[in-house]
Amino acid sequence: MEKTKDAATATGAAPAGLRGVVAATSSIGDVDGENGVLIYQGYNIHDLATHSTFEEVIFLLWHARLPTQEELDELKAQLRESYELPPEVIDLMRAFPRDAEPMDVLRTAVSALDFYDKSAHETSRAASLRTATRLTAQIPAIVAASDRLRNGLEPVKPNPSLNIASNLLYMLKGEPPSEHDAKVLDVALILHADHELNASTFTARVVSATLADIYGAVTAAIAALSGPLHGGANTNVMKMLIEIGSVENVEGYLQQAFAEKRKIMGFGHAVYKTEDPRATHLRAFSKEMGERAGDTKWFDISLAVEETVKRLKGLNANVDFYSASTYYMMGIPMDLFTPIFAVSRISGWTGHILEQYANNKIIRPRAEYTGLRDLKYVPIEERQVASN
Ligand SMILES: CC(C)(COP(=O)(O)OP(=O)(O)OC[C@H]1O[C@@H](n2cnc3c(N)ncnc32)[C@H](O)[C@@H]1OP(=O)(O)O)[C@@H](O)C(=O)NCCC(=O)NCCS
């Protein structure tokens, strides 16, 4: 007997990967893939990257408008008051294997933060904003502590006089970063903050729509971000650049990769059909970082890869491509690139969770069933597996 098809399935199977399906309404961010335009709450990413700060963008994503100076100061103070991790979470992290993947460490530590937040399970806007602030303030501390601990070093206590970007670099290296590195990272955090219904943000919305708490939704989002087809691409980009090693090797490497039908990390996008506007800024940073260091090798290889992939396959570089060499030249370990994506994207995830809680309906789509029906149950002793 065929199940009656309801409205959700009446039009046939959904497109693979739900491509083009509108699954939520949101005022947080919009991607115009045809024209390469990204906006957050109405503001073009180029304006924000040029004029704003990550903290201001956090306010924008959570409150749907830019802050006054007083509001921004208040948010910064709240974030800085929350920078320090509960000591229990640091102790828990001490027990993790030294060779654990940093994204797995982040996922587990974020999940554990829940225990030390008395209002973790409240979904009111006020409580959710407090949790969003705590998570945004503490994810950088987890990322830095995980790197210190695996290297046998004590975590560096956060410095409340620094903004999120500077503080992250300070906690990683144990010394204040250069103004230039801090500025570049701050803009990189702006560029990665939100991207509409990408896989991890959609995950966060699905989990929070069950009214599970924010820690649960963010833990799930971190898992989604860790995948090589999503946030995990940036680490793999750097591995590829190192493997290529020189501009002369680019053509041969890519010819072989395409012949083997391998995907080139940092290229292609589910929505953009033209230049990813975030890549425009990161390309410039990669060049600038190389020039300042007096060695543009990684930028030169990146540029050659970009030009060759474009020529051979017509694919554009995405956000992950030039963030890889930019972070690498900042001295950030390669496997922290994706956790740093999370340091930024927590602002968008929590913005979407706040939006979801404010107007919630559990997310429960349908599947187009492709299996058999009306089969007769056969007792186990009578079953035979057809051989082929
Ligand atoms: C981002 C990504 C998952 C989007 O996937 P998608 O929307 O499903 O795009 P498609 O796979 O439909 O791409 C269309 C075609 O381009 C090819 N393509 C897309 N990205 C490619 C890449 N990075 N390298 C090689 N070929 C690629 C696909 O194989 C496909 O070819 P086909 O039509 O011959 O099968 C995909 O481009 C990818 O895997 N990129 C590498 C990982 C990455 O950088 N992720 C970060 C995204 S910000």
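General observations
- Total formal charge among the other residues, if their Cβ is under 11 angstrom from that of residue 328, Lys/Arg +1 and Asp/Glu -1: +2
- Kyte-Doolittle mean at least 0.0, axial Cα span of 24 Å or more - DSSP H helices of the chain: 125-150, 337-358
- Those GluC sites (Glu not before Pro) in the range 179-270 that DSSP places in a loop and that have at most 15 other beta carbons within 10 Å: 260
- Protection proxy ranking, peptides 157-165, 301-309, average beta carbon neighbours within 10 Å, highest first: 301-309, 157-165
- Local electrostatic count at residue 84 - Lys and Arg +1, Asp and Glu -1, tallied over other residues with Cβ under 15 Å: -1
- Cα shape, the range 1-150, gyration tensor, a/c 1.5 rule: oblate
- Distance histogram in 10 Å bins (all Cα pairs of the range 289-384, percent per bin): 11, 21, 19, 17, 15, 12, 4, 1
- Shape analysis of the range 122-178 places it in the oblate category; the axes a ≥ b ≥ c from the Cα gyration tensor give an a/c of at least 1.5, with a/b not above b/c.
- Across all directions, the average flat footprint of the convex hull enclosing the Cα atoms of the chain is 24.4 nm².
- Cα pair distances exceeding 17 angstrom across the range 99-237, given as percent: 65
- Prolate/oblate/rounded call for the range 166-260, Cα gyration tensor, a/c under 1.5 rounded: oblate
- In the chain, excluding the sites themselves, the longest stretch lacking any of the chymotrypsin sites (Phe, Trp or Tyr not before Pro) that are in a DSSP loop with at most 14 other Cβ atoms within 10 Å is 1-368.
- The Rg/Rh ratio of the range 260-322, with both radii computed over alpha carbons and Rh defined as the Kirkwood radius, is 0.99.
- Alpha carbon centroid spacing (whole Å) that separates the range 199-241 from the range 311-388: 7
- Fully extending the segment from residue 292 to residue 22, taken as 0.36 nm per residue of separation minus the present Cα-Cα distance, adds 92.8 nm.
- Residues of the range 329-371 with amide N under 18 Å of a point placed 7 Å along Cα→Cβ from residue 178: 329-333
- For the chain, carbon and sulfur atoms together expose 53% of the accessible surface, with a 1.4 angstrom probe and every protein chain in place.
The values are calculated or read from the model by the stated rules, or taken from the named source; none is laboratory data. Source: prediction; values computed, not measured. Reconstructed Cβ throughout: ideal geometry from the backbone, glycine too, with neighbour counts over all protein chains shown. Please note that ligands, DNA and RNA were not included when accessible areas were found on the heavy atoms of the full protein model with its side chains. Shrake-Rupley method; radii C 1.70, N 1.55, O 1.52, S 1.80 Å.
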